[in-house]
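I have placed the structure first, in the form of structure tokens, so that the comments after it can refer back to it.
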Amino acid sequence: MEIPDQLRCLFSVTLEERDGSYVVEVPEQEVQLGDLQDGETYRVALFEAPSTDEADETERKPLPEQRPQTPPVEEGEQRTVKIEDIGEQGDGITRVERGFVVIVPDTEQGERVTVEITDVRQNVAFAEVVERVSYYD
């Protein structure tokens, strides 16, 4: 199976019926580790579970320790990015590796800019525009 670069997380769930709808719950750790952002929209794919024997075998294996991933950017680093969205406070938002969010003030949606990372936190980074890039570059 080919797995796209856009994959943010992978986990197993049981489909539950609640008040006439079916619900898939996302484990809290998937949001806490920074792979997902509360309030964002994601695509969900469902695959058939392995047979009962295979599922029992999987459940017995201990899970590897979950460690927060280090941010894929560093302070002082420059990148050319496309502003994908505008946040609630009017700042531009772009995403880099693993969907890591970088907030860029004074930008517009769809704009291409070279930015310098000024502040890196576990789940988000902040950057300033160094240069506005032509769409033809």
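Every number here is computed from the coordinates shown, using simple stated rules; none is lab data. This structure is a prediction, so every number in the text was calculated from the model and none was measured. We place every Cβ from the backbone using ideal geometry, glycine too, and count neighbours over all the protein chains shown.
For a Förster distance of 30 Å, can you work out the FRET efficiency between the beta-carbons of residue 24 and residue 108, rounded to the nearest 0.05? List each step's numbers first, then the result.
Details: r = 35 Å, r/R0 = 1.16.
Approximately 0.30, to the nearest 0.05.
Grab the Cα-Cα distance for residue 16 and residue 69, subtract it from 0.36 nm times how many residues apart they are, and report the gain in nm with one decimal.
On the way: separation 53, 0.36 × 53 = 19.08 nm, distance 3.04 nm.
Difference between extended and current length: 16.0 nm.
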For the stretch 67-137, convex hull volume per residue from C-alpha positions, Å³: 83 Å³
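What's the ranking of 101-114, 69-82 by average number of surrounding C-beta atoms within 10 Å, highest first?
Working: 101-114: 16.9, 69-82: 13.9.
Highest to lowest by the protection proxy: 101-114, 69-82.
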